[in-house]
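Novice: Before we start, here is the structure in question, set down as structure tokens.
Read-outs throughout are calculated quantities, based only on the coordinates presented, and are distinct from any laboratory measurement. These numbers come from a predicted model, not from an experiment. Here the Cβ positions follow ideal geometry from the backbone for every residue, glycine too, while neighbour counts run over all protein chains shown.
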Amino acid sequence: MRLLLCKNWFASPVISPLLYTRSLYSMANTTSFPIAPQAPPNWSFTPSDISGKTNEIINNSNNFYDSMSKVESPSVSNFVEPFMKFENELGPIINQLTFLQHVSSDKEIRDASVNSSMKLDELNIDLSLRHDIFLQFARVWQDVQSKADSVERETFKYVEKSYKDYIHSGLELDEGNRLKIKEIKKKISVNSINFSKNLGEQKEYITFTKEQLEGVPDSILTQFETIKSDKESDETLYKVTFKYPDIFPVMKLASSAQTRKQAFLADQNKVPENEAILLDTLKLRDELASLLGYDTYANYNLYDKMAKDSTTVMNFLNDLKDKLIPLGRKELQVLQDMKAEDVKKLNQGADPNYYIWDHRYYDNKYLLENFNVDLEKISEYFPLEATITGMLEIYETLFNLKFIETKDSQNKSVWHDDVKQIAVWNMDDPKSPNFVGWIYFDLHPRDGKYGHAANFGLSSSFMIDDTTRSYPVTALVCNFSKSTKDKPSLLKHNEIVTFFHELGHGIHDLVGQNKESRFNGPGSVPWDFVEAPSQMLEFWTWNKNELINLSSHYKTGEKIPESLINSLIKTKHVNGALFTLRQLHFGLFDMKVHTCKDLQNLSICNTWNQLRQDISLISNGGTLSKGYDSFGHIMSDSYSAGYYGYLWAEVFATDMYHTKFAKDPLNAKNGIQYRDIVLARGGLYDINDNLKEFLGREPSKDAFLKELGLQN
Ligand SMILES: [Zn+2]
């Protein structure tokens, strides 16, 4: 996932075998690296700093817009350039102020950051709907079009995009309608912030006795807080929170179907207050689309994506669903038989049917029994620190970069002690490394922290003047288990995949080479392409050599036995159709609610459950659940009517990997070419042209379908 904090501020609405040394993040003798030319951002904000800076931004921005509205004969030099400069400089501070709500351990700071987001979003909406500024841009656009040949590409694109975004936002409508649009956008913004805040702040949990948690090993049980039941029996209860490292092992390992059901439903039904917020937002979005002349919100929001319209998206998703269903049925039959067999053997009289809460358990059991793949055991070979060092080394080889962790407290500037700060260097000229930017890793859960995995762009790369670059800053926020006194944090294979994925977004953010922040990083590409670079990099986490090199047993330092790795790799596509069908459930639900024209009568709960049963093929057991209340994507401006983008982008990710890396995964020549053509160009060129240049032909769906076990 990729979260973009600063929504493209202002005019437009907007994530060979190596030598492995095991010292953390610093392979080379770090002294040979110069001091980074740009200090990391300062994180010592008090709540009143946050509100003070927010007010300052609001005043400065209003003053700036006022002065720009008065420019007579607006031109590139007296109007566009000041705008670009203003946008470049404001982005980083806004991102910092609004990022803290997701990561600060201080509730007052989180609250101040939420407040700041509300005010700044409101400001952004006010400014992006200023008619006087639109008229100025319209004049410059006329002018720039007439002398396109003599205007720099970035400037031309900047004016073009600004102008088109104004039109898309309804600036050509009459004043009455523009006021209505403003009001609706402000309500949507408040809803989005509250939805995300409720998710971040949720502290719900479910308790179980040890007996109910049978099957969950002691190594997991020790991470749960225990409480005494209030009954006289004085029974010990285990508190299972809905953070991933807690809830997932229970869903996967608890042998009691009743426990799995309770855990599944409690997790799905968390944050119930989000339902009303979601429903209200859907109505507001529909109203917004109507005012702007679109038949549905989906079509309104797809205008600047690769797919362009909802018909294309629905055809893509439905075609995939139809192709996958026969395969999914076969996969499911095997799991259903396993459960029926279990019930026959162990517990006569229990319900032998297969339900949605059984799926993680039997999927895991199937892997264990048929592929001898024990994910817990495999994780013993991937202690977090050493594995991350190894993963960074793969990125270093592939993209000719170097990661150096800042360890001395004097040069470290972070928002929490858990956070690692890393300087990134470009090694194209090994004698004289060039600074690339800063990346932060915030890897463990804590109260009030963002609960999913995401990359947050904190500052996009831009040129301050002709020779000086402002270097990018980006942060990976994940929720991997913390070390305990008995063992270090051990990464499950899916967590290795997650880290590699988020790092892919981070690198996209770091290597942008355009002059303006708007055209650099993941936020500058169409949102249905944004996941492709990260998804492509996930392929490395399924390669034998890379995995063996990454491994070192947390007790013995031994490499993982080849047989264990082989068993893991063989499982890559096991139950893959069912997995993709689940993704299709999310994508089709998102499209359904964003194309619905009768929202008054929409039962969101029935829609969610019915679609899941039909698409994922797995029974709800007649029990409705409300997973949409924690479906954060659907509330985001970028991912709404955009969840399909994960599958859409995978077409390109798979094509790029198989064409350029499958035979030689650490081929640095191809890696650097990819870095410079696909990543560094950001959003300045058409993504299809970049892909064509990198692949040497038009992109194709073949590799994608083959990966899914389907032929064209
Ligand atoms: Zn992502």
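Novice: Can you give me the long-range amide H partners of Gly437? Hydrogens built in the peptide plane at 1.01 Å from N, cutoff under 5 Å, separation of 5 or more residues or another chain.
Specialist: It is Val424, by chain and number.
Novice: Hey, another quick one. Please give the charge dipole size of the chain, origin at the Cα centre, charges +1 on K and R Cβ atoms and -1 on D and E Cβ atoms. Round to the nearest 20 debye.
Specialist: So the dipole magnitude of the chain works out to roughly 860 debye.
Novice: Could I ask something else about it? Over 22 Å between Cα atoms: which of Lys197/Lys420; Lys377/Lys485; Lys157/Lys308 fall into that group?
Specialist: Table pairs above 22 Å Cα-Cα are Lys197/Lys420.
Novice: Under 19 Å Cα-Cα from Lys203, which lysines qualify once same-chain neighbours fewer than 8 residues away are excluded?
Specialist: Qualifying lysines at Cα under 19 Å: Lys107, Lys228, Lys239, Lys243, Lys270, Lys449, Lys482, Lys626.
Novice: From the backbone phi of the stretch 543-550, what are the Karplus-calculated ³J(HN,Hα) couplings (6.51 cos²θ - 1.76 cosθ + 1.60, θ = phi - 60°) in whole Hz, Gly and Pro given as x?
Specialist: 9, 4, 4, 5, 5, 5, 5, 6
Novice: Taking every Cα atom in the chain, find the radius of gyration and the maximum pairwise distance Dmax, and write them in Å.
Specialist: According to the Cα coordinates of the chain, Rg and Dmax are 25.6, 85 Å.
Novice: I would also like to ask the following. Pull up the DSSP beta bridges for the chain and report the antiparallel fraction as a percent, rounded to 5.
Specialist: Here the share of antiparallel DSSP bridges comes out near 75 percent.
Novice: Could you derive backbone 3J(HN,Hα) for the stretch 300-305 from the dihedral phi with the Karplus parameters 6.51, -1.76 and 1.60 (θ = phi - 60°), listing whole Hz in sequence and x where the residue is Gly or Pro?
Specialist: Taking θ as phi minus 60°, the curve returns 4, 7, 8, 4, 10, 9 Hz for the stretch 300-305.
Novice: Here's another thing I want to ask about it. Which shape class applies to the stretch 136-293: rounded if a/c is under 1.5, otherwise prolate when a/b exceeds b/c and oblate if not, where a ≥ b ≥ c are the square roots of the Cα gyration tensor eigenvalues?
Specialist: prolate
Novice: By its C-alpha gyration tensor, with a ≥ b ≥ c as the square roots of the eigenvalues, how is the stretch 447-600 shaped: rounded for a/c under 1.5, else prolate for a/b larger than b/c, else oblate?
Specialist: In terms of gyration-tensor shape, oblate.
Novice: Could you go through the stretch 104-121 in sequence order and give the Karplus-derived ³J(HN,Hα) for each residue, using 6.51 cos²θ - 1.76 cosθ + 1.60 with θ = phi - 60°, rounded to whole Hz, and x for Gly and Pro?
Specialist: Values, residue by residue: 5, 8, 9, 4, 5, 5, 4, 5, 5, 5, 4, 4, 4, 4, 4, 5, 6, 5 Hz.
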